[in-house]
Structures are given as structure tokens and as C-alpha cells.
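First up is the structure itself, then whatever we jot down about it.
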Amino acid sequence: MRRGMTMLELLVGLVIFSFAILPILSFGTTTTRTTYITGKHLMAGQIASSLLDRLMAMPYEEALAEAERLRGLGNAKVLEDPWLANILEHQALAAGRRVLEDDLAKSFRFFEFKVGIDKDTTAGAADRMFLLTVFVSWRVEEGDEKSRTALILQGVKFNDLR
């Protein structure tokens with residue numbers, strides 16, 4: 001009567017176990033990647049929404065001037081936005097400020113934004129409203145510029161004084 005397992009039985013059991021565990025490990029990797037991509041998409045949405053809200057909250061002429069200035073920047077790094085830099089400079093973060101700036105630099109380093117303006121060129125319409133387009137792009141794969149994807153938000157700014 002045998003009381004133990006042979007080496008062959010142990011190896012066969014290990015192979016069967018490894019084939020059973022592979023899908024679970026693959027699922028974990030896929031879930032982590034999906035969570036990472038979703039997080040980047042949410043960040044892009046927050047950036048685009050913030051920029052669009054900021055422009056929509058301004059008076060018509062001021063919003064038009066700021067949108068034209070931003071459009072002139074072309075593709076700009078999110079961290080180079082003067083508005084964001086101004087907020088970081090004036091926050092009373094004391095010792096935690098450097099940590100926040102480092103975190104922002106890591107999180108947003110590959111995010112770029114671009115602002116577009118479309119005016120209706122029909123008679124009298126150009127000074128009544130314009131279409132704002134905020135285009136935020138980022139890399140899905142670290143180090144691969146070809147993996148850049150984008151999120152686009154649009155809003156119509158009306159001249160309430162006319």
C-alpha cells in the first residue's frame with residue numbers, strides 16, 4: 001500500500017493547476033489595464049469639461065478672446081495651461097503642494113488640449129454665437145505616440161447682450 005505521491009503525479013497535478021489558474025491571472029491583468037484606460041478617459045473628461053465650463057462661464061466677448069488665445073496655442077500640454085498654473089501657485093497647500101504638483105505632472109504629462117472656434121458667417125450671426133470645441137488627447141500606451149486617443153466636448157456660447 002502506497003502512502004505518498006510520486007514525482008510524476010505531483011508534476012501532472014501542477015500542470016493541471018497552472019492551466020486552471022492562467023485564465024484567472026489573465027483576467028486580473030485585463031481588468032487592471034481596463035481600469036487604467038478608464039481612469040485616463042475620466043481625467044480627459046474632467047480636463048475638457050473644466051476648460052469648456054471655464055469658457056462658457058465668461059462673458060461673451062471675454063470668452064471669445066480667451067478661446068481665440070487658446071486656439072492660437074494649437075496642441076498645448078495640459079500642465080502648461082496658465083489657468084491651471086495660476087491655481088497651483090495660489091493654493092495654500094503648504095507641505096503637500098510639492099506632492100500634488102508631482103502627482104499632477106505624472107498623471108497629466110501626456111495630456112494635450114486644443115480649442116476650436118466656429119462662427120456662423122451669415123449676416124449678423126457672427127456676433128450672436130459661436131461653437132466651442134475642446135479636444136483633449138492622451139496616450140493609451142506609455143511611450144507610444146501612435147496610441148494617442150481623444151475626447152471631444154462642444155458647446156455653443158451665446159451673446160446674451162444682443
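Observations
- Taking the conditions (1) surrounded by 10 or more Cβ atoms within 10 Å (Cβ to Cβ); (2) of a type outside the set (A, V, I, L, M, F, W, C); (3) not in a helix (DSSP H, G or I) in turn, R3 satisfies each one other than (1).
- Filtered residues of segment 23-43 (kept if hydrophobic (A, V, I, L, M, F, W, C) and modelled with pLDDT under 85): I24, L25, F27, I37, M43
- Residue in segment 47-62 that is surrounded by 12 or more Cβ atoms within 10 Å (Cβ to Cβ), of a type in the set (S, T, N, Q) and at pLDDT 85 or above present: yes
- Flag for L64 being touching a residue at least 24 places away in the same chain (Cβ under 8 Å) and closer than 28 Å to V140 by Cβ: no
- Within segment 46-85, the set of residues being touching a strand residue (DSSP E or B) at 6+ places or on another chain (Cβ under 9 Å), outside any helix (DSSP H, G or I) and over 18 Å from F135 (Cβ atoms) comprises M58 only.
- Scanning segment 130-154 for residues that are surrounded by 15 or more Cβ atoms within 10 Å (Cβ to Cβ) and over 14 Å from the mean Cα position of the chain (by Cα) gives F130, L132, T133.
The values are calculated or read from the model by the stated rules, or taken from the named source; none is laboratory data. Treat the numbers as computed from the prediction; the structure is a model and nothing was measured. FYI the Cβ positions are ideal-geometry reconstructions off the backbone, even for glycines, and counts take in every protein chain you see.
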